[in-house]
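Each value in this text was obtained by applying a stated rule to the coordinates, not by laboratory testing. If you're wondering where the values come from, they're calculated on a predicted model, not measured in any experiment. Using ideal geometry, Cβ is built from the backbone for each residue, glycine included, and neighbour counts are taken over all protein chains shown.
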Protein chains: 2
Amino acid sequence: MARIAGSSGARTAEAIRRAALRLIWRQGYAAMNLRDLAAEVGIQPSSLYNHIETKQALLFDLVHDHLTALLAATDAALEAAGPDTLERLRAFAAHHVLYHLEKRAEVYIANSELRALDPPNHGRVVALRRAYEARLITLLEAGMAEGRLAVADITVAAYAILAMLTGVCTWYRPGGRLSNAEIVDQHVALVMAGVLKRSAA
Amino acid sequence: MARIAGSSGARTAEAIRRAALRLIWRQGYAAMNLRDLAAEVGIQPSSLYNHIETKQALLFDLVHDHLTALLAATDAALEAAGPDTLERLRAFAAHHVLYHLEKRAEVYIANSELRALDPPNHGRVVALRRAYEARLITLLEAGMAEGRLAVADITVAAYAILAMLTGVCTWYRPGGRLSNAEIVDQHVALVMAGVLKRSAA
DNA sequence: GCCAAAAACTAACGTATGTTCGTTAGCAAG
DNA sequence: CTTGCTAACGAACATACGTTAGTTTTTGGC
């Protein structure tokens with residue numbers, strides 16, 4: 001047999017991306033092999049190459065698409081939050097946690113497989129990450145300038161906050177004891193309590 | 001030639017562990033290969049097997065030894081902090097950050113290569129991690145019982161705090177803008193601000 | 001209904017990898 | 001000085017991996 005009845009390029013391509021996301025998430029990029037990936041999709045290893053350029057390009061596409069989607073969604077959430085700095089900060093934290101709860105695999109890969117990207121791809125991804133971090137840093141700077149936040153060092157605070165919020169990916173399981181909203185709310189509360197100036201509650 | 005003049009088992013074994021730590025830290029366990037490791041140590045690949053059982057056993061040893069050392073050091077730091085819950089919590093946070101600054105490679109591997117451990121090893125390591133997390137959870141429970149802390153959910157708070165404090169490993173570089181003490185202090189401040197009951201400053 | 005493009009197949013290549021085997025030279029105890 | 005253990009060596013094995021080549025069947029536009 002050759003081409004399979006009912007096969008569709010777009011459908012297979014999506015199946016490959018979904019399966020790759022899952023496998024890389026579970027095992028890591030280096031430990032995932034294309035034979036397992038093909039088996040998961042239900043095709044032969046060589047057939048993958050009708051849809052991907054190389055294994056490396058597949059990883060880059062997954063990471064790149066995730067980061068651009070995250071940036072766009074974040075900007076939309078900030079836009080919706082209005083002009084007030086504290087409101088925007090809350091919105092950023094809430095959106096970050098919720099997004100990370102819902103896209104655990106994408107997030108985890110984008111954070112932990114950076115080193116698996118070859119130099120040109122690595123550079124582009126790092127630039128996107130920096131752009132994302134800049135969103136938070138800008139908010140902290142604004143809050144400091146307005147005298148409503150109090151942190152010793154903005155960069156350290158930004159990284160600490162991002163680390164804390166991203167941490168949900170490592171332990172969250174759907175259908176757990178707490179609702180997503182409860183998890184989001186508590187993280188927002190921890191962040192705000194940590195950075196708010198004592199007087200301005 | 002066969003045995004090299006001046007070669008010593010203990011010295012080579014330590015060199016292997018150090019090199020493995022560095023390579024796994026940089027590339028990940030799956031991406032590290034024993035030929036590169038041997039080259040780093042300056043011996044032939046087959047000679048590794050005079051000192052390690054398998055690649056997997058090497059990873060387990062590294063992770064296991066790190067976690068037991070971390071547990072012991074943490075208990076010593078808590079002991080030194082005295083009986084007061086808030087002091088112990090500060091001591092825990094400070095020690096965690098400082099230890100993580102100094103042992104970035106060990107920590108990173110222990111956190112990110114869990115999935116590379118085969119089931120029996122995985123189980124033992126997870127048990128050690130849980131024991132460590134329990135130290136923090138116990139402190140938070142005590143602080144809540146004393147009415148001096150205010151968090152919505154102790155487990156979530158514990159994981160969030162650990163994620164935040166462990167985050168330093170991903171961006172810290174020795175010789176950077178801030179001293180270790182400054183980084184530690186700020187993280188302790190962020191944690192305490194996040195969990196302290198408003199009245200009890 | 002025909003035909004180029006798409007999307008799958010089978011087979012294989014070249015290399016990389018973890019590990020084993022047999023051997024040999026240095027070291028320390030008797 | 002001998003002898004047994006240690007720690008290295010070189011060579012190789014078996015497998016696994018990413019990828020390519022060539023082929024075959026289905027699909028969709030004319």
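What's the long-distance tail for the protein assembly as shown, i.e. % of Cα pairs beyond 32 Å? Of all Cα-Cα pairs in the protein assembly as shown, 42 percent lie more than 32 Å apart.
Shape analysis of region A:46-100 yields a ratio of the Cα radius of gyration to the Kirkwood radius, Rg/Rh, of 1.26. Annotation note: GluC sites (Glu not before Pro) in region B:9-103 located in DSSP loop regions with a Cβ neighbour count of at most 16 within 10 Å are B:53. Applying 1/(1 + (r/R0)^6) with R0 = 30 Å to the Cβ-Cβ distance of residue B:40 and residue B:130 gives a FRET efficiency near 0.35. Annotation for residue A:118, label-to-label distances across the other copies: 3.3 nm (shortest first, one decimal, point 7 Å from Cα along Cα→Cβ).
Sequence-ordered 3J(HN,Hα) estimates for region B:136-149 from the Karplus curve with 6.51, -1.76 and 1.60 and θ = phi - 60° stand at 5, 4, 4, 5, 5, 4, 4, x, 5, 4, 7, x, 9, 10 Hz, glycine and proline given as x.
Within a straight-line Cα-Cα reach of under 28 Å, residue A:103 can be paired with the following lysines, leaving aside sequence neighbours fewer than 8 residues apart in one chain: A:55.
In the calculated pair-distance distribution of region A:97-162, the portion above 14 angstrom amounts to 67 percent of the Cα-Cα pairs.
Note: relative contact order over chain B, using C-alpha pairs below 8 Å and six or more positions apart, is 22 percent.
Near the amide H of residue B:149, within less than 5 Å, lie the amide hydrogens of B:144, B:197, all on another chain or at least 5 residues away, with H placed in the peptide plane. Sorted from nearest, the other copies put their residue A:26 label points 3.1 nm away, the label point being 7 Å from Cα in the direction of Cβ. Applying the criteria of a DSSP loop state and at most 13 other Cβ atoms within 10 Å to the trypsin sites (Lys or Arg not before Pro) of region B:99-200 yields B:177, B:198.
Label-point spacing at residue B:65 relative to the other copies reads 4.3 nm, in ascending order, each point sitting 7 Å out from Cα along Cα→Cβ. For the protein assembly as shown, the mean residue ellipticity at 222 nm estimated from helices alone is -23000 deg cm²/dmol, where every DSSP H run of n ≥ 4 contributes -39500 (n - 2.57) and the total is divided by all residues, rounded to the nearest 500. Per residue, the convex hull spanned by the Cα atoms of chain A measures out at 138 cubic angstrom.
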